[in-house]
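Step one of this worksheet: look at the structure below.
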Amino acid sequence: MTIKEKENLLQSIFLVFSILLKRYFGYLLGDYENSLFIFIALAGFYLIHFLFVKISKDYPKTDDWEEKLNLITILIYGVAVFLLQLLNATNVVIMLTVGIILILLNVLIKTKRRAIKEKIGK
């Protein structure tokens, strides 16, 4: 099992654990349960990733710019869900649509950046 697979496994376990806690203790978070869940998941995922990068000696080289873009994308999604919550737009389809749009923008930016880097590198 590679170090990235171990990281993904630990993040998946964290996500399942977070979802179970949200399901049984979500009422304690109040009306902003979904927004807080996103930020808790973000913090957990980033902490796990950060620890693997810092502690592991054989972790593959990471592109810091892409790591920051991923983090910013998730933060923007959390803020968007929070704003939707404030506007009383709690429809899951709307939240899903916002998430898909942000993911598509993230992938588009990464693809264009890699293409430019390859073009400059040639």
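The values are calculated or read from the model by the stated rules, or taken from the named source; none is laboratory data. Fair warning: this is a prediction, and the values are worked out from it, not measured in the lab. Reconstructed Cβ throughout: ideal geometry from the backbone, glycine too, with neighbour counts over all protein chains shown. Surface accessibility is based on the protein's heavy atoms, side chains included, excluding ligands, DNA and RNA. Shrake-Rupley method; radii C 1.70, N 1.55, O 1.52, S 1.80 Å.
Summary of computed values
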quantity: Residue list for region 54-70, restricted to those being modelled with pLDDT of 80 or more, outside any loop (DSSP other than H, G, I, E, B) and under 18 Å from Glu5 (Cα atoms); calculated: Lys54, Ile55
quantity: Any chance Tyr32 is within 20 Å of Ile3 (Cα to Cα), out of contact with any strand residue (DSSP E or B) (no Cβ under 7 Å at 6 or more places or on another chain), among the hydroxyl-bearing types (Ser, Thr, Tyr) and in contact (Cβ under 8 Å) with a residue 12 or more places away in the chain; calculated: no
quantity: Test: Thr90 is modelled with pLDDT of 85 or more, exposed (fewer than 14 other Cβ atoms within 10 Å of the Cβ) and not acidic (Asp, Glu); calculated: no
quantity: Residue pairs meeting the criteria (Cβ under 9 Å; at least 6 apart or on separate chains; first over 22 Å from Leu104 (Cβ atoms), in region 55-84; second among the aromatic types (Phe, Trp, Tyr) and open to solvent by less than 80 Å² (accessible area, probe 1.4 Å)); calculated: Tyr59/Phe52
quantity: Selection from region 1-29 of residues that are in contact (Cβ under 8 Å) with a residue 12 or more places away in the chain, farther than 24 Å from Val92 by Cα and not charged (D, E, K, R); calculated: Ile3, Leu10
quantity: Residues that are open to solvent by 80 Å² or more (accessible area, probe 1.4 Å) and either touching a residue at least 40 places away in the same chain (Cβ under 8 Å) or charged (D, E, K, R) (or both), drawn from region 35-54; calculated: Lys54
quantity: Criterion (in a helix (DSSP H, G or I), open to solvent by 90 Å² or more (accessible area, probe 1.4 Å), among the aliphatic types (A, V, I, L, M) and more than 29 Å from Met1 (Cα to Cα)) met by exactly one of Leu104, Leu75; calculated: Leu104
